[in-house]
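Undergrad: Got a structure here, written out as structure tokens. Questions coming.
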Amino acid sequence: MAYPFQLGLQDATSPIMEELLHFHDHTLMIVFLISSLVLYIISLMLTTKLTHTSTMDAQEVETVWTILPAIILILIALPSLRILYMMDEINNPSLTVKTMGHQWYWSYEYTDYEDLNFDSYMIPTQELKPGELRLLEVDNRVVLPMEMTVRMLISSEDVLHSWAVPSLGLKTDAIPGRLNQTTLMATRPGLYYGQCSEICGSNHSFMPIVLEMVPLSYFEAWSTLML
């Protein structure tokens, strides 16, 4: 969950988000080093009166500033492609949940159960209980088992939406007539919040997503109660 004046990303809850955080730090360090080097060279050019007329014609310098950026790009591209393929992998999910975007709420269907489906609306501000978060709480949370691979099938019935949960590293578009899929696995229990990340209309920011990750025994008890 994000907090006021937060500068970094949310704490990772899934292995994919952990990889994304590591890649973010890796790339940010490269950007920091390049920026420091450029700033240092600019400051030297502005403060010194000494010049070397043959420097700009040196083949060695030309070779270095051609090969070095290529190496840096490779160091960024390889881990990026690795994470991209990891995010697309789907390995024998234990549970499948279908998510449909509407104007302006989400509906969920647990396809492994016969009649387990519900709509999830944002709770109005005047109906919030003490301790609940404004614009983020919903009347029906998505309860899922932790430490298990869950497949989300995402689509829309009207306009473009986007199902996103930052702490899990998830952001998948909900497109009418198209069924997108993504996988998630939480490593610890808790409540994880997200919102529609597509400008789908005037109320697109009032489509919160709340995932409640619980141990398998609690999930089985909840599913039995809902049925």
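The values are calculated or read from the model by the stated rules, or taken from the named source; none is laboratory data. No experiment lies behind these values; they were computed from the predicted model shown. When we count neighbours, we look across all protein chains shown, and the Cβ atoms used for this are built from the backbone with ideal geometry, even at glycine. The protein model used for the area step is the full one, side chains on, heavy atoms only, and it has no ligands, DNA or RNA in it. Shrake-Rupley method; radii C 1.70, N 1.55, O 1.52, S 1.80 Å.
Undergrad: Can you pull the percent of the chain's accessible area that's carbon plus sulfur, 1.4 Å probe, other chains left in place? Intermediate results must be reported in sequence, preceding the final value.
TA: Numbers: 8750 of 14300 Å².
Ligands and nucleic acids excluded, carbon and sulfur reach 61 percent.
Undergrad: In terms of Cα to Cα distance under 20 Å, which lysines are near enough to Lys98, apart from those fewer than 8 places away along the same chain?
TA: Cross-link targets: Lys171.
Undergrad: Separate question: With a length cut of 18 Å (Cα positions projected on each helix's long axis) and a Kyte-Doolittle mean of at least -1.0, go through the chain and give me the DSSP H helices that pass. Display every interim value, and only then the final one.
TA: Values: long enough: 15-47 (48 Å, 1.39); 59-88 (44 Å, 1.32).
In the chain, the long hydrophobic H runs are 15-47, 59-88.
Undergrad: Say a paramagnetic label sat at a point 7 Å from the Cα of Asn180, along Cα to Cβ; which residues of the stretch 187-211 have their backbone N under 14 Å from it?
TA: 195-200
Undergrad: Which of the chymotrypsin sites (Phe, Trp or Tyr not before Pro) found in the stretch 1-84 are in a DSSP loop and have at most 13 neighbouring Cβ atoms, other than their own, within 10 Å? Please report the intermediate quantities before stating the final value.
TA: On the way: sites: Phe5, Phe23, Phe32, Tyr40, Trp65; in loops: Phe5.
Taking the stretch 1-84 and a limit of 13 other Cβ atoms within 10 Å, the loop chymotrypsin sites (Phe, Trp or Tyr not before Pro) found are Phe5.
Undergrad: Whole-Hz ³J(HN,Hα) for each residue in the stretch 128-136, computed from phi via Karplus 6.51 cos²θ - 1.76 cosθ + 1.60 with θ = phi - 60°, x for glycine and proline: what do you get?
TA: For the stretch 128-136, the Karplus-derived couplings read 5, 8, x, x, 7, 8, 5, 6, 10 Hz, x marking Gly and Pro.
Undergrad: Could you work out the relative contact order of the chain? I mean the mean sequence separation of Cα pairs under 8 Å and 6+ apart, divided by the number of residues, in percent. Don't skip to the answer; put the middle values down first.
TA: Numbers: 389 pairs, mean separation 47.2, N = 227.
Normalised by residue count, the contact order of the chain is 21 percent.
Undergrad: Can you give me the C-alpha center-to-center distance between the stretch 64-87 and the stretch 159-227, rounded to a whole angstrom?
TA: 31 Å
Undergrad: Each label point is 7 Å from the Cα along the Cα-to-Cβ direction; what then is the distance between the points at Ser223 and Tyr40, in nm?
TA: Roughly 5.8 nm, to one decimal.
Undergrad: In Å², what does the accessible area per residue of the stretch 15-88 work out to with a 1.4 Å probe? Walk me through the numbers before you get to the answer.
TA: Details: 6210 Å² over 74 residues.
Result: 84 Å² of accessible area for each residue.
Undergrad: Here's another thing I want to ask about it. Which whole-number percent gives the relative contact order of the stretch 95-226, counting Cα pairs below 8 Å spaced six or more residues apart? Each step should come with its number before you reach the end.
TA: Values: 324 pairs, mean separation 35.4, N = 132.
Relative contact order here is 27 percent.
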